[in-house]
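As structure tokens, the structure follows; a few thoughts come after it.
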Amino acid sequence: MKFLLFILLYSISPLLLANEIVIATTFSPETTEHMVKQWQNNFPNQKVRLINRTSSSLKRLLVQPNIEKVDLVLSSSPFLFQDLQEKGLLLELPKTYQNALVPSQLKSTTTAVAFSGYGILFNRNLLKQRHLAEPRDWNSLTDPAYFNSLLISSPSRSGSNHIMLEMLLQQKGWVAGWQKILTLSGNLSLISSRSFNVAEKIKLGLATAGISIDSYANNLNNQDFGFVYFPHSIASPAFIAVHKNNQASKPALEFIKFLLSPEGQEVVTSPNMAKFPLKPLEPNSRQYEQQKKLLAQEPIDYDILLLRQYLVEKLFDNAVTFRLNQLKDVWALIYQQEQKTERKLTALRHQLTLVPVSEQQAVDPVYLKKIKNDRYFLLEQEKLWTDFFQQQINSILVQLEEIK
């Protein structure tokens, strides 16, 4: 009897699956559940199942040969879509679905349904307790007064945070950009596992401020928290594509069509999702000026972003993630010595913010492809990086001891 029941369930499962859209996404459950609810107001018989994971976790899942049915992929990570497209796992979209915010490398398979901006989320109560002014830009976050009170995510864990850091590297330059990253890293309390966890932890009072995408900040909707856009924040699209393993391509395309429709654009701009629509807002809209500013900003160079994805991820983890406590300890000693001597230790600060990868290597396609594709070369490079950072720290500790 049990065997017959199993056969019966197995035989009807394709029918059940045909009436279900499965969306794999890096967005928070709260964001995606609201979107699904609005879709089902129009299609009450169409079931939707969500798979919420990090971009790296989704990548591992979606490239599996025996993957379960997945119809749509929704994320702000261009790296995820590039990986899936390179492996032939995304269907081509009709040209009517394409738009200008999508990088040329992804236009055939991927479209954008909305976009966001980047900035700093902060807890006003904690700022008052620490007698700190509200942060304004990257420089604000490098102030020693923020010691042990900032949050970011690792680029290897969060596509949004990766793009924010790459934005800084492109706008400031490779060397100056890493100087900013390594200086503010001395002020980190921890590295969050997900980009939306940054907002959650600041909400709980576990950190004073952190770099964040605007939609997560806006979702807090509380006067105790503030958000300021980086002065030159880019417009960061929310991408969607149809997975090749789908079993409901027509409903999947209808779902994308819905998000691109006037009704769907209202959904993505609602407080639950808090993103900017693709079309310009009316001048009387509260978000009109910021939307115009984001769209006017020179977009990120996606060629460089995608080419050096693995370099930035691996270098950040070796420079910051794997040695965060040691890094913070050395910065604390520098700050203490600066207070004691009443002078800025510029040479030591500079030494602590150097990276063992040159500007030329950071744009060299041969070097970057070896980092991505040659495991032994990467391991060799990581060993050199680890030795470099440790030698720098050892040297700085000796110099600190010698300061009178």
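The values are calculated or read from the model by the stated rules, or taken from the named source; none is laboratory data. On a predicted model such as this, the values are computed, not experimentally measured, just so you know. Glycine also receives a Cβ, built like all others from the backbone with ideal geometry; neighbour counts cover every protein chain displayed. Each accessible area value is taken on the protein alone, full model and side chains, heavy atoms only, with ligands, DNA and RNA left out. Shrake-Rupley method; radii C 1.70, N 1.55, O 1.52, S 1.80 Å.
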In the set E282, E254, the lone residue that is part of a helix (DSSP H, G or I) and more than 30 Å from K128 (Cα to Cα) is E254
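Confirm whether E282 is surrounded by fewer than 20 Cβ atoms within 10 Å (Cβ to Cβ), under 27 Å from L90 (Cβ atoms), among the acidic types (D, E) and in the same structural domain as N66 (by the TED database). So that I can check it myself, show each step before the final result.
Numbers: surrounded by fewer than 20 Cβ atoms within 10 Å (Cβ to Cβ): yes; under 27 Å from L90 (Cβ atoms): no; among the acidic types (D, E): yes; in the same structural domain as N66 (by the TED database): yes.
Against the criterion (surrounded by fewer than 20 Cβ atoms within 10 Å (Cβ to Cβ), under 27 Å from L90 (Cβ atoms), among the acidic types (D, E) and in the same structural domain as N66 (by the TED database)), E282 does not qualify.
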Screening G264, G226 for residues that are outside the structural domain of L62 (by the TED database), of a type outside the set (K, R), at negative phi and at pLDDT 90 or above leaves only G226
Restricting attention to the stretch 182-192, the residues that are closer than 13 Å to P155 by Cβ and among the small types (G, A, S) number exactly 2
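It is to be established whether one or more residues within the stretch 286-297 are in contact with a helix residue (DSSP H, G or I) (Cβ under 6 Å, 6 or more places away or on another chain) and at pLDDT 95 or above.
So in the stretch 286-297, the residues in contact with a helix residue (DSSP H, G or I) (Cβ under 6 Å, 6 or more places away or on another chain) come out as none.
Checked against the condition, which is being in contact with a helix residue (DSSP H, G or I) (Cβ under 6 Å, 6 or more places away or on another chain) and at pLDDT 95 or above, the stretch 286-297 yields no hits at all.
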Pairs returned, first residue in the stretch 234-261 that is open to solvent by 50 Å² or more (accessible area, probe 1.4 Å), second residue that is assigned to a helix (DSSP H, G or I), beta-carbon separation under 6 angstrom, 6 or more apart or interchain, are Q247/L17
Check your understanding: Would you call S215 in a loop (DSSP other than H, G, I, E, B) and within 27 Å of Y302 (Cα to Cα)?
Key -> no
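Without any contact (Cβ under 8 Å) to a residue 60 or more places away in the chain, of a type in the set (S, T, N, Q) and under 24 Å from P277 (Cβ atoms): does that describe N197? Spell out the reasoning first.
On the way: without any contact (Cβ under 8 Å) to a residue 60 or more places away in the chain: yes; of a type in the set (S, T, N, Q): yes; under 24 Å from P277 (Cβ atoms): no.
So N197 does not fit the description; no.
For L90, state whether it is touching a strand residue (DSSP E or B) at 6+ places or on another chain (Cβ under 6 Å), surrounded by 17 or more Cβ atoms within 10 Å (Cβ to Cβ) and under 24 Å from K37 (Cα atoms). Reasoning before the result, please.
Values: touching a strand residue (DSSP E or B) at 6+ places or on another chain (Cβ under 6 Å): yes; surrounded by 17 or more Cβ atoms within 10 Å (Cβ to Cβ): yes; under 24 Å from K37 (Cα atoms): no.
It is false that L90 is touching a strand residue (DSSP E or B) at 6+ places or on another chain (Cβ under 6 Å), surrounded by 17 or more Cβ atoms within 10 Å (Cβ to Cβ) and under 24 Å from K37 (Cα atoms).
If you check S192, S140, which single one turns out to be small (G, A, S), without any contact (Cβ under 8 Å) to a residue 60 or more places away in the chain, surrounded by 22 or more Cβ atoms within 10 Å (Cβ to Cβ) and farther than 22 Å from L278 by Cβ?
Numbers: S140 fails: surrounded by 22 or more Cβ atoms within 10 Å (Cβ to Cβ).
After ruling out the rest, the residue left standing is S192.
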The lone condition S189 fails out of (1) assigned to a strand (DSSP E or B); (2) under 30 Å from A145 (Cα atoms); (3) touching a Phe, Trp or Tyr at 6+ places or on another chain (Cβ under 8 Å) is (3)
